[in-house]
Amino acid sequence: MKLITAVIKPFRLDEVKTALNEVGVRGLTVTEASGYGRQRGHTEVYRGAEYRIDLVPKVRIEVLVEDAEADAVMDAIVAAARTGKVGDGKVWSVPVETAVRVRTGEQGPDAV
Ligand SMILES: Nc1ncnc2c1ncn2[C@@H]1O[C@H](COP(=O)(O)OP(=O)(O)OP(=O)(O)O)[C@@H](O)[C@H]1O
């Protein structure tokens, strides 16, 4: 299994959710976040306000997937989140040792 984490612009969330649904993702977690990337010296605009050398509002998406799904899920997030402008975000994945579905006790890929 892999845990895919994406930090994206909040206004792209609906597009990303739709794209994830289309590639068969069954669950996800969304959290409000803030941060900056390497362009911190540049100005980023969010809801008409300019943020410069400050933490810019983002959303973090976490998706637990089977290994075979990981590439397609990452590609879907990148394509749906991209505007081509600074601050579009970042997507990464890490290996996951185990997962458990609380209701049934299923473990491993069956729990995804
Ligand atoms: N190295 C990092 N570690 C953790 N979070 C990061 C990192 N880089 C970026 N982020 C998170 O991703 C958000 C979006 O990053 P951003 O798109 O600005 O990254 P970037 O790689 O500098 O790309 P760009 O040059 O297009 O701005 C940041 O606000 C921050 O929350």
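Looking only at the range 83-93, decide whether some residue is within 16 Å of the ligand (Cβ to nearest atom), more than 12 Å from the chain's Cα centre (by Cα), assigned to a strand (DSSP E or B) and in contact (Cβ under 8 Å) with a residue 60 or more places away in the chain. No, there is no match, as no residue in the range 83-93 is within 16 Å of the ligand (Cβ to nearest atom), more than 12 Å from the chain's Cα centre (by Cα), assigned to a strand (DSSP E or B) and in contact (Cβ under 8 Å) with a residue 60 or more places away in the chain.
Among what's in the range 1-18 and is assigned to a helix (DSSP H, G or I) and among the basic types (Lys, Arg), pick the residue that is nearest to the ligand (Cβ to nearest atom).
12
Kindly evaluate residue 40 against the criterion of being part of a loop (DSSP other than H, G, I, E, B) and either open to solvent by 50 Å² or more (accessible area, probe 1.4 Å) or among the aliphatic types (A, V, I, L, M) (or both). Can you show your working first?
Numbers: part of a loop (DSSP other than H, G, I, E, B): yes; either open to solvent by 50 Å² or more (accessible area, probe 1.4 Å) or among the aliphatic types (A, V, I, L, M) (or both): yes.
It is true that residue 40 is part of a loop (DSSP other than H, G, I, E, B) and either open to solvent by 50 Å² or more (accessible area, probe 1.4 Å) or among the aliphatic types (A, V, I, L, M) (or both).
Restricting attention to the range 19-37, the residues being part of a loop (DSSP other than H, G, I, E, B) and over 20 Å from residue 84 (Cβ atoms) number 6. Within the span defined as the range 44-59, every residue fails to be within 14 Å of the chain's Cα centre (by Cα) and either hydroxyl-bearing (Ser, Thr, Tyr) or open to solvent by 60 Å² or more (accessible area, probe 1.4 Å) (or both).
Check whether at least one residue in the range 62-72 is part of a strand (DSSP E or B), out of contact with any Phe, Trp or Tyr (no Cβ under 7 Å at 6 or more places or on another chain) and of a type in the set (Asp, Glu), and report yes or no. If you could, list the steps in order and put the result at the bottom.
Let us first name the residues in the range 62-72 that are part of a strand (DSSP E or B), namely 62-65.
After this cut, where a residue has to be out of contact with any Phe, Trp or Tyr (no Cβ under 7 Å at 6 or more places or on another chain) as well, the list is 62-65.
Now drop any that are not of a type in the set (Asp, Glu), which leaves 62.
Yes; the residues of the range 62-72 include at least one that is part of a strand (DSSP E or B), out of contact with any Phe, Trp or Tyr (no Cβ under 7 Å at 6 or more places or on another chain) and of a type in the set (Asp, Glu).
The residues of the range 16-26 that are within 28 Å of residue 48 (Cβ to Cβ) and open to solvent by 80 Å² or more (accessible area, probe 1.4 Å) amount to a single one, 17.
Of all residues in the range 19-73, which are among the small types (Gly, Ala, Ser), under 30 Å from residue 109 (Cβ atoms) and within 16 Å of the ligand (Cβ to nearest atom)? Quick ask: steps written out before the conclusion?
Of the range 19-73, the ones among the small types (Gly, Ala, Ser) are 19, 24, 27, 33-35, 37, 41, 48-49, 68, 70, 72.
Add one more test, that the residue is under 30 Å from residue 109 (Cβ atoms), and what stays is 19, 24, 27, 33, 68, 70, 72.
The answer is 33, and nothing else.
The values are calculated or read from the model by the stated rules, or taken from the named source; none is laboratory data. Here the structure is a predicted model, which means the values were calculated and not measured. Cβ: placed from backbone, ideal geometry, glycine included. Neighbour counts: every protein chain shown. For the accessible areas, the whole protein counts, side chains as well, though only heavy atoms, and no ligand, DNA or RNA atoms are used. Shrake-Rupley method; radii C 1.70, N 1.55, O 1.52, S 1.80 Å.
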